[in-house]
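For reference, the structure discussed in these notes is given below.
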Amino acid sequence: MRTDAVHTSFMTDHLDLLESHAIFILREVVAECERPVLLFSGGKDSAVLLHLAIKAFAPQNLPFPVLHIDTGQNFPEVIEYRDRVAKKAGARLIVAKVQDSIDQGRVADPGPLGLRNRLQTVTLLDAINAQNFDAAFGGARRDEDKARAKERILSFRDAFGQWDPRQQRPELWQLYQGKVNTGEHLRAFPLSDWTELDVWQYIEREEMELPSIYFAHERDVILRDNMWLAVGPFVEPRSSEPIERLKVRFRTVGDANCTGAVLSNASTLAAIIDEVALANVSERGATRADDRFSETAMEDRKREGYF
Amino acid sequence: MKLAHKDLLRLATVGSVDDGKSTLIGRILVDTRQLFDDQLDAVAAASEKRGVGDLDLSFVTDGLRAEREQGITIDVAYRYATTPSRKFIIADCPGHVQYTRNMATGASTADLALVVLNVAHGLKEQSRRHLVIAALLGVRTIVVAVNKMDEVNWSQSAYLSIVDEVETLAHELGFEHVTCIPVSALLGDNVVDSSTNTPWYEGPTVLSALETSDAGSWTTTNHGARLPIQWVLRQPGGGRTYAGMLNGATLSVGDAVTLLPANIETTVRALNAGSGTIERATTGLSIDVDLAAETDAGRGDLIATAPLPTVTKDFTATLCWFGETSLKVGQRLRLKHTTRVTPVRVGELSGVVDIATLHTDEATSLGTNEIGIVKLQTADPIVVDDYLDNRVTGSFVLIDDVTNATVAAGMVGRASFL
């Protein structure tokens with residue numbers, strides 16, 4: 001991470017301050033907690049989080065493993081990216097599979113094409129319990145959803161993994177207080193104050209690599225529930241859903257059967273930044289079926305222990 | 001399109017319940033087009049479902065189920081806005097007295113407090129409490145939105161009478177910059193666009209007041225550089241650098257520094273930040289420092305430039321108590337100050353602040369949401385500045401030993417108005 005370049009400019013901008021704050025949080029949690037882990041999905045936010053974690057502890061190795069909750073319904077480009085980036089970072093990658101939770105009878109099998117998004121919570125909490133993790137870093141941002149907008153940077157979870165939005169710890173100044181009792185854990189969100197646009201500007205500034213599906217490409221898609229879904233092993237077109245070949249990209253990365261593509265010609269970071277700056281639909285609103293179930297879909301999932 | 005680089009302003013809303021804080025923030029976000037279409041649609045749908053009109057702007061920030069059911073704000077909502085020159089981090093804080101801890105959470109990192117008052121109600125006790133806490137927390141700039149002007153028929157005399165009350169209190173509390181603005185958050189008058197209903201008012205709108213205030217003021221005090229050590233990084237070849245976030249003043253290669261509490265004088269040999277090696281670090285940056293002297297410094301120690309802070313185990317502090325049971329003399333807790341955690345004992349309770357008069361009265365215990373002056377004794381020495389001189393080295397939290405709950409916000413020293 002270190003270069004020999006000497007920066008002569010003494011000005012700091014909002015990206016410098018966001019980066020510094022995130023690094024501060026990463027170091028503070030690692031210092032106060034016994035067994036942290038970083039949740040890494042291969043999406044842009046967790047990619048930025050991993051990038052910041054490497055910076056925070058360079059030139060030493062990453063002082064914690066990275067954990068992916070694998071629904072088995074991911075885009076193959078994202079899994080390839082996940083493995084490559086984790087290896088390059090020298091990180092120990094733990095993959096916890098939702099399929100294993102299904103096979104063990106921990107969750108009901110939704111069928112080969114059913115949504116597995118909500119099932120991830122059980123797999124995540126089981127993985128946290130099994131390895132005694134007391135802190136899990138996540139790439140969630142407060143601008144993503146109105147329930148996330150309410151959450152502390154260090155978010156306390158009880159022994160059942162639950163979040164209680166009415167009983168959050170006061171979080172004053174930058175005195176992040178990470179002490180928990182056995183069985184309880186924290187979620188730590190170093191990107192809390194970043195917006196989607198900040199993330200993209202930072203990725204451009206840092207010249208980071210991302211999964212190819214974030215950039216515009218041609219793909220077979222169908223229109224379902226007002227979302228463009230990629231035709232593939234988890235999305236079978238119904239007779240009323242004609243397949244179209246369109247130029248698309250993905251604004252978020254989730255399961256292939258609940259993450260919609262957006263029509264786009266943005267094939268470079270600069271073009272994506274322009275697009276995001278002018279967007280009139282939020283990234284989750286545009287592309288995530290998992291948030292559409294009810295007014296408080298995210299709050300309900302978070303209370304159960306979701307990311 | 002090249003996006004210009006921006007500075008960052010953190011602001012918190014302050015004021016009593018039902019005076020319109022969330023509605024004002026909703027109005028700012030809607031009128032500056034910070035909300036996406038689907039978010040606006042969701043607010044409209046929620047408004048209809050709860051029978052509160054076409055678009056209840058408070059639902060923009062009141063995102064929890066219980067908040068929407070009860071029509072109140074329970075916890076801080078963080079929202080973001082950008083204008084061509086500035087990124088805003090907005091903490092929309094609750095007004096209810098039982099959620100004072102959440103209000104303090106939002107205000108503790110604010111550069112500016114956006115005070116919202118109901119023109120018809122004057123300065124309620126809860127508004128006074130919030131202003132006192134904002135002042136205690138070191139906020140120096142307030143923008144006061146005198147709200148619900150539409151309900152008093154845009155009366156200048158009603159506006160002026162509350163402004164008079166606010167300015168008197170603001171002066172007592174030592175705020176340096178006070179801007180009062182007559183607004184209707186509901187209708188949008190003087191929020192983003194100037195109102196035609198207030199021809200007698202010539203000042204800025206709320207947005208332009210926010211855009212022209214000083215940003216980033218709370219990490220810079222020019223009372224010496226402070227680097228609380230968070231983590232020791234081992235460098236190839238056996239050296240060590242000390243990592244932390246800089247505050248107070250800039251730090252440059254070659255600066256004379258003192259490592260505390262060991263009191264070792266040395267100099268800065270090199271500085272690194274996220275971007276690589278740097279010659280000079282500004283406040284708010286996470287850096288790591290290579291020192292000329294060999295030391296055994298570690299987490300909890302502090303690197304400082306003159307004027308130096310104080311090493312102490314016994315000090316006076318102002319407390320906002322959030323615990324559910326009262327604080328009593330002799331009670332033992334844990335204290336987290338910068339990057340050090342140490343056992344602490346309450347040696348003496350010197351007084352409890354009466355919000356109405358700002359006098360401190362004698363007391364034997366400190367109740368929930370009360371503000372008091374205490375003497376504390378720590379097990380290990382801590383390195384402190386008076387809170388007025390530095391918000392990082394002057395602040396601490398108290399932690400319950402059994403539940404690990406954060407039960408108090410503490411400020412070293414005594415505020416000038418107490």
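What to note about this one:
- For A:Phe137, distant residues with modelled amide H under 5 Å away: A:Val37, A:Leu38, A:Leu39, A:Ala188
- Here the range B:1-132 carries DSSP beta bridges of which approximately 40% are antiparallel, counting only pairs with both residues inside.
- Relative contact order for the range B:226-304, counting Cα pairs under 8 Å that sit 6 or more residues apart, in percent: 38 percent
- Each helix, a run of at least 4 DSSP H residues, gives -39500 (n - 2.57); summed and divided by the residues of chain A, these come to -9500 deg cm²/dmol at 222 nm.
- Of the beta bridges in the protein assembly as shown, as assigned by DSSP with both residues counted there, near 70 percent are antiparallel.
- Highest-MSF residue in chain A out of A:Thr259, A:Thr268, A:Thr71 [GNM, Cα springs under 10 Å]: A:Thr268
- Three-way shape call for the range B:226-304 based on the alpha-carbon gyration tensor, with the a/c threshold at 1.5: rounded
- Calculated from backbone phi, Karplus (6.51, -1.76, 1.60) coupling profile of the range A:169-176 in Hz, x at Gly/Pro: 5, x, 10, 8, 6, 10, 8, 6
- For peptide B:284-292, the mean count of partner chain Cβ atoms within 10 Å of a residue's Cβ comes to 4.
- Per-residue ³J(HN,Hα) for the range A:159-168, Karplus 6.51 cos²θ - 1.76 cosθ + 1.60, θ = phi - 60°, Hz, x for Gly and Pro: 5, 9, x, 7, 9, 10, x, 8, 10, 7
- Largest GNM mean-square fluctuation among A:Asp13, A:Asp198, A:Asp103, using chain A with Cα springs under 10 Å: A:Asp13.
- Structural descriptor for chain B: relative contact order 12 percent, calculated from alpha carbon pairs under 8 angstrom and at least 6 residues apart.
- Angle between chain B longest axis and helix B:156-173 axis [Cα atoms, degrees, rounded to 10]: 10 degrees
- Under the combined filter of DSSP loop state and at most 12 neighbouring Cβ atoms within 10 Å, the range B:244-296 retains these GluC sites (Glu not before Pro): B:Glu294.
- Inter-chain Cβ neighbour count for B:387-393, averaged per residue, equals 1 (cutoff 10 Å, partner chain atoms only).
- Cβ-based exposure ranking for A:Arg245, B:Arg345, in which fewest neighbours within 10 Å come first: A:Arg245, B:Arg345
- Near the amide H of A:Ser282, within less than 5 Å, lie the amide hydrogens of B:Asp37, B:Asp38, B:Gln39, all on another chain or at least 5 residues away, with H placed in the peptide plane.
- With θ taken as phi - 60° and the Karplus curve 6.51 cos²θ - 1.76 cosθ + 1.60 applied, the whole-hertz 3J(HN,Hα) list for the range A:62-71 is 4, x, 7, x, 10, 10, 10, 8, 9, 6 Hz, x standing for glycine and proline.
- Within the range B:7-218, DSSP assigns beta bridges of which about 25% are antiparallel (rounded to the nearest 5).
- Relative to the longest principal axis of the Cα atoms of chain B, the long axis of helix B:125-136 makes an angle of roughly 30 degrees.
- Span from the the range A:245-275 Cα centroid across to the the range A:90-135 one, whole angstrom: 27 Å
- Qualifying GluC sites (Glu not before Pro) in the range A:105-210, where qualification requires a DSSP coil assignment and no more than 14 other C-beta atoms within 10 Å, comprise A:Glu207, A:Glu209.
- Chain B - mean residue ellipticity at 222 nm from DSSP helices (-39,500 (n - 2.57) per run, n ≥ 4, rounded to 500): -5500 deg cm²/dmol
- Shape analysis of chain B places it in the prolate category; the axes a ≥ b ≥ c from the Cα gyration tensor give an a/c of at least 1.5, with a/b above b/c.
- Length-normalised contact order of the range B:310-412 in % [C-alpha pairs under 8 Å, at least 6 apart]: 38 percent
- Tilt relative to chain B, helix B:37-49 - C-alpha long axis, 0 to 90 degrees, to 10: 60 degrees
- Average beta carbon contacts from partner chains per residue of A:173-186, 10 Å cutoff: 5
- Comparing A:Ala159, A:Ala22, A:Ala127 in a Gaussian network model of chain A, where Cα atoms under 10 Å apart are tied by springs, the biggest mean-square fluctuation is seen for A:Ala159.
- The range A:142-176: chymotrypsin sites (Phe, Trp or Tyr not before Pro) in DSSP coil with no more than 16 other Cβ atoms inside 10 Å: A:Phe160
- Taking amide hydrogens as placed 1.01 Å from N in the peptide plane, the amide H of B:Val115 sits under 5 Å from those of B:Val14, B:Val143, B:Val144, B:Ala145, each at least 5 positions away in sequence or on another chain.
Where a number appears in this text, it was derived from the coordinates with a stated rule and is not lab data. Everything numeric here is computed off the predicted structure, so don't read it as measured data. Here the Cβ is made from the backbone with ideal geometry for all residues, glycine too, and neighbour counts use every protein chain on show.
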